[in-house]
Structures are given as C-alpha cells and as structure tokens.
Amino acid sequence: MIIGHQKQRQYLAKLADSGKISHALLFAGQDQLGKKTVALEFAKSLIKEEFRGDQHPDLILVGREAGESEIKIAQIRDLIWKLSLRPYSAPWKIAVLDEADRMTKDAQNCFLKTLEEPTLKTLVILVSSHPNQLLPTILSRCQIVKFYPVPGSEIESYLQKEGLDRVKIEEVSDLAAGRPGRLMEILRDPEKMAEAKAMVKELQEAMVKNLAFRFQLAKTLADRDNFQETLDVWQNFLRKDVIKNANPLKQIQNINYFLLNTNVSPRLALEILMLEI
C-alpha cells in the first residue's frame with residue numbers, strides 16, 4: 001500500500017494514458033518518502049504483466065551494491081547494455097535507478113550517453129534525495145517529479161486503519177515526520193521510536209544550552225547518516241506550537257531547502273541553524 005503522493009501518482013497515470021512519456025524521469029525529494037515505491041508502481045503499470053515481487057525480465061533495478069557507498073561505472077555499463085536489448089515481452093523496458101545521486105562522476109558521464117541517445121520504448125526512472133549531486137546535463141534531460149512529506153492526516157488515517165489507539169497514532173505520526181518509509185520502520189522496530197524521541201530531546205537541549213554545546217551537536221549530527229531525518233523530526237515537533245517556535249521552524253525549513261537544492265556542507269548548514277535556534 002502506498003501512503004500519500006496522490007497528485008504525483010495521478011500525474012503519472014495521465015502520462016501513461018497519453019503515451020507521451022519522457023525517456024527519463026527524476027523522482028526527487030527527501031529520504032524515505034516513498035519515491036522508489038511510486039516508481040515501481042508506475043513501472044508495473046506500464047509493463048502491464050504479472051510480476052513476481054518486483055521482478056520482471058523488462059524491469060531493471062539498479063542501486064548501490066551491498067557494502068558499497070557508490071554506484072560504480074561497471075553497473076551503469078551493464079545497465080546501458082540491458083537497455084539496448086529489445087523488451088522481452090512487455091511494451092517497455094524500464095530501469096529504476098535508486099539513489100541515483102550516489103553514482104560516481106565517471107558513472108554519471110557514462111549514464112549521460114543513454115540520456116543523449118535513448119533507445120525506443122525504454123524508460124529510466126532516477127530516484128534521488130540529493131538531485132543537486134547529479135550533473136546539470138543529466139538534470140536537464142530528465143522530467144522532474146517532486147515529492148514532499150506526506151500530510152500528517154494521511155499518515156494518521158493509515159494508522160487508524162491499522163488499529164492503533166489515538167495516543168499511539170499521534171505519537172507515531174509525529175515521529176514519522178511525513179515519511180512513509182520512516183513510519184514503516186517505526187511500526188516494525190520499536191527501537192526506531194526510541195531513536196526519534198532521542199532526536200527530540202537533542203533539540204530541546206540545544207534550545208536551552210550554550211553555543212559550544214550546539215556546535216558540538218552540529219558536528220555530531222553532520223557525521224550521522226540520518227541527520228536529514230533528525231531535522232524532519234525536529235520540524236514536526238516544532239509544528240506543535242507554531243507561534244512559539246516560528247523562528248526555529250523557519251530556520252529548519254530553510255536549511256532543508258539548501259541541503260536538498262545546493263551543495264552546502266551539512267556541518268556548515270547545521271552550525272548556521274544552531275546560531276538561530
């Protein structure tokens with residue numbers, strides 16, 4: 001089940017009906033919003049054949065290999081070769097390139113050739129939380145579909161159907177911070193809820209402690225893989241009292257924008273935030 005993103009899904013359905021689909025789509029937005037899930041849904045709607053899980057001869061899934069931090073040029077060369085083949089049985093041959101911004105520069109330059117000389121009836125869907133890390137020449141050749149955090153009301157509606165009580169629904173919804181992927185993690189693993197509560201505690205301490213503490217926290221957060229997730233949890237927490245927290249809430253929104261759309265250093269962005277909260 002997909003939570004939220006109705007506008008994006010309706011737009012994609014219209015694209016499919018029109019038959020006028022760009023050879024490259026870029027699904028852009030923060031981590032754990034469900035971009036890849038929507039990409040797979042769209043791919044399946046175009047292939048129009050039975051799937052075994054997410055497997056089909058005309059669907060190619062590409063992402064970081066186990067233990068690797070980047071998508072290597074060898075993977076992209078393999079992708080290009082597969083896309084050059086005619087569809088096995090479906091109307092389309094489709095590739096979903098997850099965490100596309102993790103491609104090395106060599107891999108991106110290699111991938112660019114596919115965008116410049118697309119094969120008929122092929123579609124590549126790039127999924128990225130940091131599209132600013134992609135080459136401008138790649139971005140210019142993609143039709144961009146932007147994804148945003150899911151409204152709390154939609155997450156709460158899902159949790160209600162799952163049978164959670166009112167108090168639990170509010171707590172889980174707040175900690176999910178508009179991210180369906182994060183929501184599923186919390187529901188599967190109670191420790192994830194404890195992690196999110198610890199993030200809120202860090203914010204509460206930062207708001208009352210001195211600048212030295214805040215700068216140390218900025219360094220600690222910048223070194224974490226999930227610092228963006230921390231900012232989203234903070235943002236949701238501050239929204240509970242918008243009038244009281246108007247300034248720090250605005251600062252976090254600004255930092256989120258710059259992190260998503262520019263190459264600003266996470267540590268620098270977080271230090272600026274610490275000066276303002």
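The values are calculated or read from the model by the stated rules, or taken from the named source; none is laboratory data. Just so it is clear, the structure is predicted and the values come from calculations on it, not from any experiment. Cβ coordinates were reconstructed from backbone atoms using ideal geometry, including for glycine residues, and neighbour counts include every protein chain displayed.
Tabulated data for the structure shown
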{"quantity": "Single match in 60, 21, 80 (criterion: in contact (Cβ under 8 Å) with a residue 40 or more places away in the chain, touching a helix residue (DSSP H, G or I) at 6+ places or on another chain (Cβ under 6 Å) and farther than 21 Å from residue 132 by Cα)", "calculated": "21"}
{"quantity": "Only listed residue being in the same structural domain as residue 270 (by TED's automatic domain parsing) and over 23 Å from the mean Cα position of the chain (by Cα), chosen from 221, 211", "calculated": "211"}
{"quantity": "Members of region 191-229 that are under 21 Å from residue 265 (Cα atoms) and among the β-branched types (Val, Ile, Thr)", "calculated": "220"}
{"quantity": "Within region 141-188, tally of residues that are over 29 Å from residue 126 (Cα atoms) and either free of Cβ contacts under 8 Å to residues at least 12 places away in the same chain or assigned to a loop (DSSP other than H, G, I, E, B) (or both)", "calculated": "10"}
{"quantity": "Residue among 127, 150 that alone is in contact with a strand residue (DSSP E or B) (Cβ under 6 Å, 6 or more places away or on another chain) and either buried (at least 18 other Cβ atoms within 10 Å of the Cβ) or under 23 Å from residue 276 (Cβ atoms) (or both)", "calculated": "127"}
{"quantity": "Selection within region 32-51 - more than 17 Å from residue 144 (Cβ to Cβ), within 14 Å of the chain's Cα centre (by Cα) and not in a helix (DSSP H, G or I)", "calculated": "32"}
{"quantity": "Matching residues in region 190-206 - criterion: being at pLDDT 90 or above and either in contact with a Leu (Cβ under 7 Å, 6 or more places away or on another chain) or surrounded by fewer than 13 Cβ atoms within 10 Å (Cβ to Cβ) (or both)", "calculated": "198, 201, 202, 204, 205, 206"}
{"quantity": "From the options 159, 134, residue that is closer than 22 Å to residue 259 by Cα and buried (at least 17 other Cβ atoms within 10 Å of the Cβ)", "calculated": "134"}
{"quantity": "Number of the exception - residue 246 against (1) over 29 Å from residue 27 (Cα atoms); (2) at pLDDT 85 or above; (3) among the small types (Gly, Ala, Ser)", "calculated": "(2)"}
{"quantity": "Residue that is surrounded by the most Cβ atoms within 10 Å (Cβ to Cβ), among those in region 232-247 that are of a type outside the set (D, E, K, R) and in contact (Cβ under 8 Å) with a residue 40 or more places away in the chain", "calculated": "233"}
{"quantity": "Residue satisfying condition, being of a type in the set (Asp, Glu), assigned to a helix (DSSP H, G or I) and free of Cβ contacts under 8 Å to residues at least 60 places away in the same chain, within set 205, 229", "calculated": "205"}
{"quantity": "Sole residue being hydrophobic (A, V, I, L, M, F, W, C), surrounded by 19 or more Cβ atoms within 10 Å (Cβ to Cβ) and either outside the structural domain of residue 25 (by TED's automatic domain parsing) or within 23 Å of residue 45 (Cβ to Cβ) (or both), chosen from 61, 85, 97", "calculated": "97"}
